[in-house]
Every structure is written in structure tokens, then in C-alpha cells.
Amino acid sequence: MSIKPPLSDLPIKTAETGFYRGFSVDVTVVSKIIISLLVVWCIFWPTQAGNVLGSWNSIILANFAAWYIWVVAAFVIVCIGLAIWPTAGRMNLGADGEKPEFSNFSWFSMMFGAGIGVGMLTFAVAEPVAHFGSNPETIQGITTGGDADNVRMAYKWSFLHWGLGAWACYAICGLSLAFFSYRRGLPLTIRSGLTPLFGKALSGPLGHLIDIVAVVATILGVAQTLGFGVEQFVAGLTRIGIGGLTDGEGGASTVGIIVALMVIMGASTLSALSGVGKGIKWLSNINMVLSIFLLSFFIIFGATFFGASAFLLGIWDYIIALPSMSFNVFKSDGVEGSEAFLLAQWQGWWPVFYWAWWIAFAPFVGLFLARISRGRTIREFVLGAMIVPALMCFVWFSWAGGTAIDLELNGGADGAIFGVGNSDKIFAVTEYMLAPIADILVWAMAVLIVVLLMTFLVTSADSAVLIVNTINAAGDEGPKARPHILFWGGALALVVGGLLISGGTGAIQTAMVIGALPFSIVMALMCLALIKAIWNDGRREAAGIDAVTVDPVGTPAE
């Protein structure tokens, strides 16, 4: 049986004139309608929205928790398999012989930047502390919550959520985008990754549906990140002396949410309108310097040896326990308060939530990884995209979170850190460390963290708006019309605000878990499509048939 040349042309109809010129009307309009309906529902009927979303979430946790756990385990296996598979590992994400655009140092630096993100400022302290108090081992009575024998368990589970599983989600999406765009010359959009399975049918309604699912998942995934960021931004503003932004219980008030979103999304939208210019580059440079400074502060002046122990032992425990943690699904017996019920509840709160978050975030981070990785081999891409950023997350968790745990266990903090909300914990740690020296240092460190958080939030939201417009424009990365940038900037702000008002970050979490479900199916199909495409390319190479249809410069070959 003869081997056919690979598909290298996937026309996607876009408007030639009018308001939607250059955009796929089907994808853009339907995506806008879905997001607009969600915003209106959450803002005008917040109680109903919160109740319905909660019911849907319960159904998903009861019926699809195993799917989320196992599909992410499959992503890890596929990524490792592709790196090991000789035919796949040596394939170039570009034309044969094409060299990477970025040096290894620059590439790893950008991986580092993607790896720490907004989540590090919230969860690097909050998550190890949370698992130090409760995890499956404490629920089963194996270790004691809040005692020294539970430290290693806290890090084992923290590393699970921010380790290979998280970055395998991003790597699958990024590898699919890079492979089919930079080897085939197909549009830089999600549907291209499924061409080995569905062919030119993806030019029509099926392809539109896939891109719509990707847009909605991206908005909800970024909304989750911004939701945590807004609460932490309000906590930071309160710490530096700006009052009236909290609700009296440590959370952000409606006024605080509105103020934070106006500042963050206003700056993000202006940045998106101007493109990636000097302003955003300047912010990114500040971001990197402040990140290194803050992490160095924890490593040098925090729990240096405690953090080193947490890092090394945590990685060991994580690797040893990875198979069981990746595949084990806790089943509830329906008896509230029982061990089985609590284990299933914990898994829904943590691993299932995280896997949904990473899946929803995959189009966003995946596109970023693809764009900086052209010219890399698949082996380089997989190992770099999974291991480097995961290690940077582990470093943050070990020394920032380790400092918090050590201060409570051995430093006499006596609840000063554990007793505050998750968004406030990093401020509580630095205050406890610096208050004995000078109050001005406490204030200055709070300002530094707020500025760092602001740069993370602005760049994340800005990039999300541009990436959503890229998907809507059939993969065209060129400049977009201002009204579309303004719409998605405003829509993202309203989604975050509406969901926060209707049920706090829990409502965003619920909406995101629901929205990620259809995209998880798309990603599973991406895995099958990649394996099929690489297998066929290996056969083409063996038969002397060209498997790459782009020139080194990236334009389709004649």
C-alpha cells in the first residue's frame, strides 16, 4: 500500500471585509456568545449560577474524576514515550536541519518564566502548608497533620500537582501546534493538531467546534489564574495600607474585585492593543529581576537547609510514588465523613481541580511553548518543556513553602502564617521574617510582591487576549482590530468578576472544571493524531518521501 504525502493545506474560511475581516466568523461569534451568556448569568443571577455550577461540578466529580486522573497520566506516558521513541525523538519541529531560533539559555529562561507564573506567588507557600495540614496520608491515619512526620507527604503531593503531569498537558498541546504548523505549514490553531484523524473535514463545522472549545477553555483557565491573582492583589494592596478592599473576613470585597480588575485588565488591554512593544518587554525584565530577588530572599534568609531537604527528599518521594499517585482514583462510599468519602473529596479539591486547570490552560501555554521551540527536536522539546519548568516550581515550593512550615514548626510563628488566607500567606511569611528588623522592610517587601504580581497578571491576561484572537483568526498571529482586543479584554475581566461575585474562586474553579472537560477529549485525540503522524512520517522517510512541507524560513514549500 502506497504512502500518501502528508496533508499540508487546511483552508479555514475567514471574512474578507467588514467588522470580522481576517477572523473565522463561526468561531469568533459563537465563542463570544458563549462567554457573554456566562457573564450575564453570573452577574445578574449569581445565586442561581452558583447553585447550578455547583451541581454540575458534583456530577463531574462523581462521573469524570477518573477520566481527569487517567487522561493526565496518559499525557505523561505519551510525552515520555515520544522522547524515548527514536523515530519521534530526532524529528525536528521545523524543516530538516533547521536550527532553533533561541539559544539554550534564552529558551530555558523563557521556560523558567512560564514555570513560575502567578500561581507561584499564591501556591508556593499556600499549597505545601495546606498539604502539611491534610492529605491522603493524614486522612488514612498514616501521618499526623501539622506534625514533622507529615512534611514529606506535603511535598510529595505538592510536586504531583506542579510536576510532570502539569507540564505534560502543556507539552502535548504545544508539541501538536509546533509539529503541524512548523513541519506541515498548517494554521497555528488547535484544529490543525487533529488532521491525521479527520483530514480536510476540519476546514468545516468540526474544526470550528474544536477551536470554539479551545477558546472557551482558555478563557476559563486564564480566569482561574486571574481569580487567584485578584484576591492576592487585593490582599497585597491591603498590606501596603490601601483599605476598604476586603469583606471583613479576609477575602476581597466587590469593590476590591472591581478595583483590582480595572487596574489589571486596563493595563493588559492597553498592552495587547500596542502589541509586544517596549512597555511589555520592560515589565517582563522587571518581572524576572523581582522573581529572582524574591526567591533568593527565601533561599538565603529563609529556611535554607529545611528547603534543601524538602527539595531533595520531595523529588525522591515524588518519583517513587508517581505511578500510584497518577493512577489511583479514590472512590466515595457515599457516607459523609467516612474515610472513603474524605479521600474522594480531597481528590476532587486537589488533583482533579489541577488537572482541569492545566488542561484549560494548555492552549495558552502550549502556543507559547510552540512559538519559542521551532527548530528543536521532539526529544528536546518534551524534556525541556516538562523537566525545566517543573524543577523551577519545585524550587519555589521547597524554599518559600518550606520557610513557612519551618517558621510554624520551629520558629515560633504560632499560627501567624497558617492562620491567614491562602492569598495572604506569602505576605504573612515575609512580615514575620522582617518585622523584628524594621516595619519599613515589611512594607517594602509587600510593595515588591504586589508589583511582581501585577507584572505576572498583566502579561498573562495580555497574552491570553492575543492568543484567543489568534485562534479566532484561523492561526494568524498578525495584528488584530482594536474592537476584538477590547472585547476579549473586557470579557475576561467580566468572567473573573462575575464568577468571583457569584461564588468566589470556587465558582471559577467549578466553571473551569466543566469547561476543561470537552477540551480534555480534544487533547486525548491530539495524542493519537501525533502518534499516527510521527509513525507515518517515519514510514515516509524510510521510503524516501518528503515528510516536511515547509522551508526553513517557515513558509510553505513550492
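Brief remarks follow.
- Prolate/oblate/rounded call for the range 102-251, Cα gyration tensor, a/c under 1.5 rounded: prolate
- The listed peptides 360-370, 50-60, ordered by packing as a protection proxy, come out as 360-370, 50-60 (highest mean of other Cβ atoms within 10 Å first).
- Positive-pole candidate from ALA201, THR225, PHE306, dipole of the chain, charges at beta carbon: ALA201
- Selection among PHE427, LEU452, GLY490 by position relative to the dipole of the range 372-527 gives GLY490 as farthest towards the positive end (Cβ unit charges, Cα centre).
- Placing unit charges on the Cβ atoms only, positive for Lys and Arg and negative for Asp and Glu, gives the chain a dipole magnitude near 1600 debye about its Cα centre.
- Debye log10 I(q)/I(0) at q = 0.17, 0.26 Å⁻¹ for the range 172-235, Cα point scatterers: -0.65, -1.06
- Distance from the C-alpha centroid of the range 1-73 to that of the range 382-461: 34 Å, rounded to the whole angstrom.
- Where labels lie 7 Å past Cα in the beta-carbon direction, separation of ASP439 and ILE34 in nm: 5.2
- Dipole-positive endmost among PHE179, VAL30, PRO128 within the chain (Cβ charges, Cα centre): PHE179
- Cα shape, the range 1-158, gyration tensor, a/c 1.5 rule: oblate
- Label point at SER103 placed 7 Å out along Cα→Cβ; residues across the range 354-374 whose backbone nitrogen lies under 20 Å: 372-374
- Highest to lowest packing among 433-444, 461-472, scored as the average C-beta count within 10 Å: 461-472, 433-444
- The packing ranking of peptides 228-239, 89-100, 313-324, highest mean first, is 228-239, 89-100, 313-324, where packing means the average number of other beta carbon atoms within 10 angstrom of each residue.
- Where the chain is the region considered: accessible area per residue in Å², 1.4 Å probe: 39
- Surface composition of the range 313-420: carbon and sulfur atoms hold 64% of the protein heavy-atom accessible area at a 1.4 Å probe.
- Span-rule helices in the chain, defined as complete DSSP H runs reaching 20 Å or more along the axis (Cα) with Kyte mean at least -0.5: 25-44, 46-84, 104-133, 164-182, 205-239, 254-274, 278-301, 304-327, 353-372, 378-396, 439-472, 482-542
- Relative contact order of the chain, defined on C-alpha pairs under 8 angstrom at six or more residues apart (%): 35
The values are calculated or read from the model by the stated rules, or taken from the named source; none is laboratory data. Only a predicted model underlies this, so the values are computations on that prediction, with no experimental measurement involved. Reconstructed Cβ throughout: ideal geometry from the backbone, glycine too, with neighbour counts over all protein chains shown. Side chains included, ligands, DNA and RNA excluded: accessible areas come from the protein's heavy atoms. Shrake-Rupley method; radii C 1.70, N 1.55, O 1.52, S 1.80 Å.
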